[in-house]
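The values are calculated or read from the model by the stated rules, or taken from the named source; none is laboratory data. Note that the coordinates shown come from a computational prediction; the quantities given were computed from them, not determined experimentally. FYI the Cβ positions are ideal-geometry reconstructions off the backbone, even for glycines, and counts take in every protein chain you see.
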Amino acid sequence: MARIVVIGGGFIGLATALMVAKQGHDVTVLERDPAPPPSTTQLAWDRWERHGVMQFRQPHYLLPAGYRVLREHLPEVARALESAGAVAHSMLSPLPPGITDRAPRRDDEKFLTRTARRPVLDQAMASAAGTLVEIRRGVRVTGLLTTRSQQVTGVLLQDRAELPADLVIDAMGRPSPLPVWLDAAGLYEVAERAEETGFTYYSRFFRARPGDGPLPGNLATFGCYSILTFPSDAATWSVTVAIHARDRALKKLRDERHWTRLVGACPSHARLMERAEPVTGVLAASGVVNRVRAIVRAGVPVATGVLSVGDAWACTNPFLGRGMTLGLMHAVIVAEAVADHVKDPFTLALEYDRLTRQRLLPWYRNTVYLDNQRIAQIAGVIENRSPRQDPPDLAGAPLRDLLAAMTWDADVFRAYLEMIAMLAPPQEIMTRPGLARKITAAAELALAGGRDPWLAAGPSRTEVLKMLS
């Protein structure tokens with residue numbers, strides 16, 4: 001049995017702690033926010049303060065691949081989410097109107113997820129983890145205990161107390177100071193690459209009127225903006241308008257009046273808002289970066305005895321809702337590496353790095369690629385440039401063709417959803433026999449008919465600017 005310290009008691013930190021605790025290890029979670037989870041989901045949303053969690057009350061979405069991790073590895077958390085009222089949602093709902101083949105497929109259940117607002121997700125995870133893991137709240141970690149042989153042996157607390165550990169797991173999220181701590185300890189520099197995503201988000205939560213069922217999730221792209229809808233718990237759902245961070249003219253969307261006018265001018269979203277009442281004002285978020293770190297450089301760990309998980313390893317733009325699912329998949333990797341190599345810190349670091357690069361790094365790169373494509377397209381609209389043909393994506397097929405085809409062909413749409421839901425990587429999906437031919441044929445029909453695969457029905461940039469003037 002090993003002594004394991006997890007720094008960070010958020011959703012991913014507790015998931016990781018719970019997975020390794022099930023192996024029989026002595027696990028302690030150190031969480032700097034002092035407030036314990038409230039007794040009810042409504043109190044969690046209304047009163048729970050989590051200053052250490054960025055975007056705690058911004059929209060969140062658990063993709064089907066993340067829900068699959070919970071069902072397979074943390075079924076008690078999946079049950080807690082169900083009890084908390086997390087909505088069951090299939091990403092197949094709704095199918096694009098151009099698809100006439102509406103027959104179900106044998107494995108459509110894989111597109112199912114349960115999702116909720118972030119405070120509710122955290123409350124469910126905390127209630128499950130607290131039965132097996134020691135969680136110390138209101139504890140601030142200020143540094144690492146290390147040896148001359150590049151081994152991390154524990155953590156230093158704010159009151160100068162020392163907490164020894166055989167393994168330290170960094171689950172401190174996007175602002176993790178691990179590289180600073182390693183540098184202060186005289187260890188090697190963590191490899192890091194970061195770039196701004198270029199998006200600003202304006203979100204509102206709504207509650208469906210009595211008698212209405214769960215509302216569908218959707219990502220709709222317009223010329224210079226996108227609108228995301230996420231279903232949630234307790235008959236709530238969110239609507240997010242995403243714009244280019246440098247589009248100063250659209251910053252007025254922070255005002256509820258302007259936000260409502262724009263969303264109300266989009267036919268499909270106007271119908272949704274008619275069925276609900278707002279429960280928040282406009283919640284703004286910006287300055288998000290795509291950033292990835294590596295604790296192994298040139299085949300050598302920068303330190304042993306420490307691993308990063310979730311956003312502490314790589315954080316991504318929330319535009320595709322992948323962050324929480326990436327974190328859960330990463331928790332599985334950490335648990336696998338710990339199960340096999342916890343007594344050998346050097347091999348543990350190498351195996352963790354190998355599995356992370358193999359299973360997660362392609363998803364990170366694909367997310368960055370899609371971000372850059374969307375930002376480039378928005379910039380073209382703002383600058384009134386002619387659209388250009390997209391280069392091949394990581395799967396080897398033009399993104400524009402895929403987006404056009406999936407609005408007409410049921411099988412292509414499901415293949416597209418598998419990528420979005422993170423159920424299978426693009427490279428695997430796009431090499432399936434016959435899929436490339438389906439994409440080409442359906443895309444030719446869509447593009448020949450003048451359908452733009454990017455754009456939904458809604459105001460043009462000229463109309464938006466007039467609306468906001």
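Quick look at the numbers
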{"read-out": "Residue check, LEU121 touching a helix residue (DSSP H, G or I) at 6+ places or on another chain (Cβ under 9 Å), aliphatic (A, V, I, L, M) and in a loop (DSSP other than H, G, I, E, B)", "value": "no"}
{"read-out": "Yes/no for ARG136 being outside any loop (DSSP other than H, G, I, E, B), in contact with a strand residue (DSSP E or B) (Cβ under 8 Å, 6 or more places away or on another chain) and surrounded by fewer than 20 Cβ atoms within 10 Å (Cβ to Cβ)", "value": "yes"}
{"read-out": "Count of the range 21-47 residues which are more than 17 Å from PRO164 (Cβ to Cβ), in contact (Cβ under 8 Å) with a residue 40 or more places away in the chain and either of a type in the set (Ser, Thr, Tyr) or in contact with a strand residue (DSSP E or B) (Cβ under 8 Å, 6 or more places away or on another chain) (or both)", "value": "8"}
{"read-out": "Any chance ALA128 is buried (at least 21 other Cβ atoms within 10 Å of the Cβ), on the phi < 0 side of the Ramachandran plot, outside any strand (DSSP E or B) and of a type in the set (A, V, I, L, M)", "value": "yes"}
{"read-out": "Subset of the range 427-448 [outside any loop (DSSP other than H, G, I, E, B) and under 15 Å from TYR416 (Cα atoms)]", "value": "GLN427, GLU428, ILE429, MET430, LEU435, ALA436, ARG437, LYS438, ILE439, THR440, ALA442, ALA443"}
{"read-out": "Only one of ALA242, ALA265, ALA249 that is under 18 Å from HIS60 (Cβ atoms), not hydroxyl-bearing (Ser, Thr, Tyr) and not assigned by TED's automatic domain parsing to the domain that holds ALA116", "value": "ALA242"}
{"read-out": "Sole residue being crowded, with 24+ Cβ neighbours inside 10 Å, at positive phi and in contact (Cβ under 8 Å) with a residue 12 or more places away in the chain, chosen from GLY310, GLY327, GLY323, GLY305", "value": "GLY310"}
{"read-out": "Positions within the range 1-52 being among the hydrophobic types (A, V, I, L, M, F, W, C), part of a loop (DSSP other than H, G, I, E, B) and surrounded by 23 or more Cβ atoms within 10 Å (Cβ to Cβ), in sequence order", "value": "none"}
{"read-out": "Filter pass, PRO210 being crowded, with 16+ Cβ neighbours inside 10 Å, at pLDDT below 95 and in a loop (DSSP other than H, G, I, E, B)", "value": "no"}
{"read-out": "Residue pairs meeting the criteria (Cβ under 7 Å; at least 6 apart or on separate chains; first of a type in the set (Lys, Arg), in the range 341-369; second modelled with pLDDT under 95)", "value": "ARG365/LEU394"}
{"read-out": "Unmet requirement for GLU162, which otherwise passes all of (1) more than 25 Å from the chain's Cα centre (by Cα); (2) closer than 30 Å to PRO59 by Cβ; (3) without any contact (Cβ under 8 Å) to a residue 40 or more places away in the chain", "value": "(2)"}
{"read-out": "Odd one out for GLY287, checked against (1) assigned to a strand (DSSP E or B); (2) under 17 Å from the mean Cα position of the chain (by Cα)", "value": "(1)"}
{"read-out": "The one condition in (1) of a type in the set (S, T, N, Q); (2) closer than 17 Å to HIS73 by Cβ; (3) over 22 Å from the mean Cα position of the chain (by Cα) that THR16 fails to fulfil", "value": "(3)"}
{"read-out": "Evaluation of ARG174 against (1) closer than 28 Å to LYS252 by Cα; (2) buried (at least 18 other Cβ atoms within 10 Å of the Cβ); (3) in the same structural domain as ALA88 (by TED's automatic domain parsing) (one fails), failing number", "value": "(2)"}
{"read-out": "TRP237 vs. criteria part of a helix (DSSP H, G or I) and either in contact with a strand residue (DSSP E or B) (Cβ under 7 Å, 6 or more places away or on another chain) or buried (at least 21 other Cβ atoms within 10 Å of the Cβ) (or both)", "value": "no"}
{"read-out": "So ARG246, is it among the charged types (D, E, K, R), out of contact with any helix residue (DSSP H, G or I) (no Cβ under 8 Å at 6 or more places or on another chain) and without any contact (Cβ under 8 Å) to a residue 60 or more places away in the chain", "value": "yes"}
{"read-out": "Qualifying positions in the range 54-77 - buried (at least 20 other Cβ atoms within 10 Å of the Cβ) and either of a type in the set (A, V, I, L, M) or in a loop (DSSP other than H, G, I, E, B) (or both)", "value": "PRO59, HIS60, TYR61, LEU62, LEU63, ALA65, VAL69, LEU70, LEU74, VAL77"}
